1. Net charge near ILE219: determine it from the other residues with C-beta under 9 Å of the C-beta of ILE219, scoring Lys and Arg +1 and Asp and Glu -1.
2. Can you give the Rg to Rh ratio for region 280-329, taking only C-alpha atoms and Rh from Kirkwood?
3. With a Cα-only, solvent-free Debye model of region 278-362, what are the log10 I(q)/I(0) values at q = 0.20, 0.26 Å⁻¹?
4. Using 28 Å as the Cα-Cα cut-off, could you pick out the over-long pairs in LYS64/LYS213; LYS104/LYS241; LYS83/LYS314; LYS361/LYS400; LYS66/LYS130; LYS213/LYS325?
5. From Cα pairs below 8 angstrom and at least 6 apart in sequence, can you work out the relative contact order of region 293-399, rounded to a whole percent?
6. Do any GluC sites (Glu not before Pro) in region 87-165 lie in a loop, going by DSSP, with at most 14 other beta-carbon atoms within 10 Å of their beta carbon, and if so which?
7. By how many nm would the segment from THR34 to GLU107 lengthen if fully extended, with 0.36 nm per residue of separation less the alpha-carbon distance?
8. So with the 1.4 Å probe, I'd like the accessible area per residue for region 301-406, rounded to whole Å².
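The values are calculated or read from the model by the stated rules, or taken from the named source; none is laboratory data. All values reported here derive from a predicted model rather than from experimental measurement. FYI the Cβ positions are ideal-geometry reconstructions off the backbone, even for glycines, and counts take in every protein chain you see. Each accessible area value is taken on the protein alone, full model and side chains, heavy atoms only, with ligands, DNA and RNA left out. Shrake-Rupley method; radii C 1.70, N 1.55, O 1.52, S 1.80 Å.
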Amino acid sequence: MAKKERYCSFCGRKESEGILLIEGLEACICTNCTTKANEIVQHIVKEEQNTQLQKVAEFHLEKKPKDIKAFLDQYVIGQEEAKKVLAVAVYNHYKRIDYYAKRKDNEVEIDKSNIILIGETGTGKTLLAKTIAQLIDVPFCIADATVFTQAGYVGEDVESILSRLLQAADYNVAKAERGIVFIDEIDKVARAVDNPSITRDVSGEGVQQALLKLLEGSIVNVPPEGGRKHPEQKFIQVDTKNILFIAGGAFDGIERKIANRLNTSIIGYKKESKKINKENLLEHVSAQDLKTFGLIPELCGRFPVITHLNPLDKDTLKRILLQPKNALLKQYTKLLQLDNISLKFEDEAVDYIVEKAVELKLGARGLRAIIEKIMTDIMFEAETDTNKPIEITLDYVTEKCVQVFV
């Protein structure tokens, strides 16, 4: 019995014509048809990408700076100056994206305005960036500058920042290209002295230099799964010209740099040429102080918007506990409410928690640490569905804090 001749199920050409067939379960396809099918798929993908780019080009931020600040007020207590500066910078950034989508030749070039936030730990730097991204509904990621090293050394490459942004955008490149990146602990990559290093500083100055191309706006080859662990993977090209970079850092000790520049001192008195707030020298921070601290001039130039966050006083810490939408006491009240348990804090107990947080000098994070210690035993022993209210008294809070925070 003669063997049945195979043929391509798409074009009908027979195997006897010298074509190579790929056989499936019930059909075959020739190499010519696979090539054409691949071309059709590539064309469809390209059209989808163009559609995505068109949507990005039409992106327009309806919120005005006052609207942005009003939204931030719901989540961030205090820090009025920082919220105002951030609202204006973010509004101008996305207005710039809309402008470039409609811009004609020979019109004015508008540069990108990346932002740097300076303030003590727990003052709200990360919260501000997160809240902004939540309002605008764009991809957002947080990167820790301390894990990066110069290319070729043990550690992460700076391009992995964009890998995280792509993940946040579900690998939609067009969407990622208008996202927000928050680089935390930027002060930890400062060089030790304000002079070019003789030896190679791979985790400090080397990282700053590697960040320059990302911040300025260029097409970067991004490894989708992280770089060095999968060297065989294909790169994704991401244009960073419309990505807003926000950097944050405590810059511990920068007050002395500011004091030296202003010809004053933190302790004592010297002749002052203008009114200076010695209680909060961060009000007077400038790019020159960042350079003196250890950031290279090129990096300082790529962060034209510099703002500071004030230290949190007792009044602000108390408002953080009670007022925001995500206030700590509201969170724990809701958690117990889910088990039909009502929770109430005495006013004296709240005041004691605030005083303890001021002693710890950890900002809002100190509040969280104290509340966790107070609530752990209560939430462990509480009986559900009893409708029995729980009141946190000053004596109970004092006892718990004495046990832990001596």
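1. Numbers: positive: LYS241; negative: ASP239.
Residues near ILE219 contribute 0 overall.
2. Computed over Cα atoms, the ratio is 1.20.
3. These q points yield log10 I(q)/I(0) values of -0.94, -1.23.
4. On the way: LYS64/LYS213 30 Å; LYS104/LYS241 18 Å; LYS83/LYS314 20 Å; LYS361/LYS400 19 Å; LYS66/LYS130 18 Å; LYS213/LYS325 38 Å.
With Cα atoms farther than 28 Å apart: LYS64/LYS213; LYS213/LYS325.
5. Numbers: 88 pairs, mean separation 34.3, N = 107.
Computed value for region 293-399: 32 percent relative contact order.
6. Working: sites: GLU107, GLU109, GLU120, GLU156, GLU159; in loops: GLU107, GLU109, GLU120, GLU159.
In loop regions of region 87-165 (DSSP not H, G, I, E or B), the sparsely surrounded GluC sites (Glu not before Pro) are GLU107, GLU109.
7. Details: separation 73, 0.36 × 73 = 26.28 nm, distance 4.65 nm.
The span from THR34 to GLU107 would gain 21.6 nm if fully extended.
8. Details: 6230 Å² over 106 residues.
Dividing the accessible area of region 301-406 by its residue count gives 59 Å².
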